[in-house]
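Just below is one structure, and these are the notes that go with it.
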Amino acid sequence: MTTDELLQLFTGEKAYRQLAAEIRPGRSVGLASLAGSSLSLVAAAAVRQTGGLHVFVMEDRDAAGYLYNDLFPLLGEERLLFFPTGYKRSIQFGQEDPSGIVQRTAALNAVKNNDGGALALCTYPEALAEKVVGQQQLRESILTLRRGDRLSTAFVEEILTTNRFERVDFVYEPGQYSVRGGIVDIFSYSDNKPYRIDFFGDEIDSIRPFDVGTQLSTGTLDEVEIVPNLKTVTSVEHRVSLARFAGEVTYWIADGDYTLKRFDDIRTKILGDLDEPSSIDTLVTSRKGFLSDAKKAAFVLLRDNVRERPAEVRVAFDTTPQPEFNKKFDLLADDINANRLRGYSTCLLSDNKAQIERLSNIFNSIGEKNVVFDSVPLALHAGF
């Protein structure tokens, strides 16, 4: 069985069709009985079918990471991004995290450039609470370079310096650039690889992403956007919540009341350390602020506990948690056979073909040669 065939098992269900029909601006939908990683399959199918931006808000960073890993093979790196906080733990503790800043910047840039196609962000309360640069300020901060553009290396360097890029001999992290004759290497905050801009006189001859370790090019591009560290080049007065930045989107929220309470908890803890308490609104959003900015967004609630946005309709799926067998293969064989007698087919998921073959051999070795199952080249973190 292929991954697409597995998704079709869900899209053909009445509950899924009801969910897809209910996802629309300003609507709140409650979900029930999605066990294990069934949420990942339902969500991936919905993202692909309905399009637009979908923001998945899980209880914490770990849960968001698990969901991201589930969705990645189903959506691909072009349609899925992780949106962490820009700090090691949370904005309330300070200590910026460079990798988090890069991931946030890449996500914001992808949202800005999204033309209505399917795009998903995985995040959590601490990251969602932190305000971001406004769309207009983001556009004004971006340096767009196209193959064939006529401009000098000195002009590019002037803009990079203005945007607080650091000149080095060899770039190895975001926020750096180097100039060697007619070659300018730039490491943007929105990408995980730097770009090599090759000039022929005052004309851009080629644009190539390259590997920092090997210095070898990994392809060619016609256009690239260079994004600086938005924290250092944009005014705090123009920061907004992600809800306002993104506009009409679909939020999938694991625990809405907990998420909204975390916003206000973080604000309360930061307020005690501020010299100017009024500046709190430039740093983090609040429960009231987020709900106001997201009033035109669709809410898909795994728990119907947001009093300001109660579910208008409830969609119930029919899934149950997968039993734990703990390498007791005879019990697994019995479960598969029992389910087959009840009219169920069993799908065993693994992105390692050798594991499936090994499992078949184990069934044969313990006398369970009649065990029938489908294999799917996919890994999910929890069965159901």
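The values are calculated or read from the model by the stated rules, or taken from the named source; none is laboratory data. Treat the numbers as computed from the prediction; the structure is a model and nothing was measured. Here the Cβ positions follow ideal geometry from the backbone for every residue, glycine too, while neighbour counts run over all protein chains shown. Only protein heavy atoms, including side chains, enter the accessible area calculation; ligands, DNA and RNA are left aside. Shrake-Rupley method; radii C 1.70, N 1.55, O 1.52, S 1.80 Å.
Where does each of Ser241, Ser360 land when they are ordered by accessible area, with a 1.4 Å probe and the largest first?
Ser360, Ser241
Just to confirm, what accessible area per residue do you get for the chain at 1.4 Å probe, in whole Å²?
Using a 1.4 Å probe on heavy atoms only, each residue of the chain averages 50 Å².
How big is the Kirkwood radius of region 70-145, worked out from every pair of different alpha carbons and given in Å to one decimal?
13.4
Using modelled amide H (1.01 Å from N, peptide plane; none on Pro or chain starts), what sits under 5 Å from the amide H of Ser375, excluding residues fewer than 5 places away?
The list, which skips near neighbours in sequence, is Leu348.
For region 298-343, with equal point scatterers placed on the C-alpha atoms only and solvent neglected, what are the log10 I(q)/I(0) values from the Debye formula at q = 0.25 1/Å, to two decimals?
-0.94
Treating the Cα atoms of the chain as identical point scatterers in vacuum, please give the log10 of the normalised Debye intensity I(q)/I(0) at q = 0.09, 0.10, 0.12, 0.15 Å⁻¹, two decimals.
Debye curve over Cα of the chain, log10 I(q)/I(0) at q = 0.09, 0.10, 0.12, 0.15 Å⁻¹: -0.64, -0.77, -1.00, -1.27.
Using the C-alpha gyration tensor of region 70-218, what are the square roots of 5 times its eigenvalues, in whole angstrom, with the largest one first?
Largest first, region 70-218 gives 29, 18, 16 Å.
Can you run phi through the Karplus equation (6.51, -1.76, 1.60; θ = phi - 60°) for region 59-68 and list ³J(HN,Hα) in whole Hz, with x for Gly and Pro?
With the stated coefficients, region 59-68 comes to 5, 8, 4, 4, 4, 5, x, 4, 5, 4 Hz.
Which Cα, out of Gly175, Gly247, Ala154, lies furthest along the positive dipole direction of region 102-260 (beta carbon charges, K/R +1, D/E -1)?
It is Gly247.
If you bin every alpha carbon distance in region 237-317 into 10 Å steps from zero, what whole percent lands in each bin?
Reading upward from the zero bin: 17, 46, 27, 9, 2, 0.
In Å, the Kirkwood hydrodynamic radius of region 191-303 over pairs of distinct alpha carbons?
18.0
Looking at the calculated P(r) for region 1-143, what percent of the C-alpha pair distances fall above 18 Å?
That tail contains 60 percent of the Cα-Cα pairs.
Filter Lys112/Lys295; Lys131/Lys231; Lys231/Lys288 down to the pairs with a C-alpha to C-alpha distance above 22 Å, please.
Lys231/Lys288
For region 190-203, what does the Karplus curve 6.51 cos²θ - 1.76 cosθ + 1.60, with θ = phi - 60°, yield as ³J(HN,Hα) per residue in whole Hz, taken in order and with x for Gly and Pro?
Values, residue by residue: 9, 9, 9, 9, x, 10, 10, 9, 9, 9, 10, x, 9, 10 Hz.
If I build a Gaussian network model for the chain, linking alpha-carbon pairs within less than 10 angstrom, which residue out of Ile197, Ile142, Ile336 has the largest mean-square fluctuation?
In the Gaussian network model the winner is Ile336.
Mind ordering 320-329, 40-49, 198-207 by average Cβ neighbours within 10 Å, highest first?
Answer by packing, highest mean first, reads 40-49, 198-207, 320-329.
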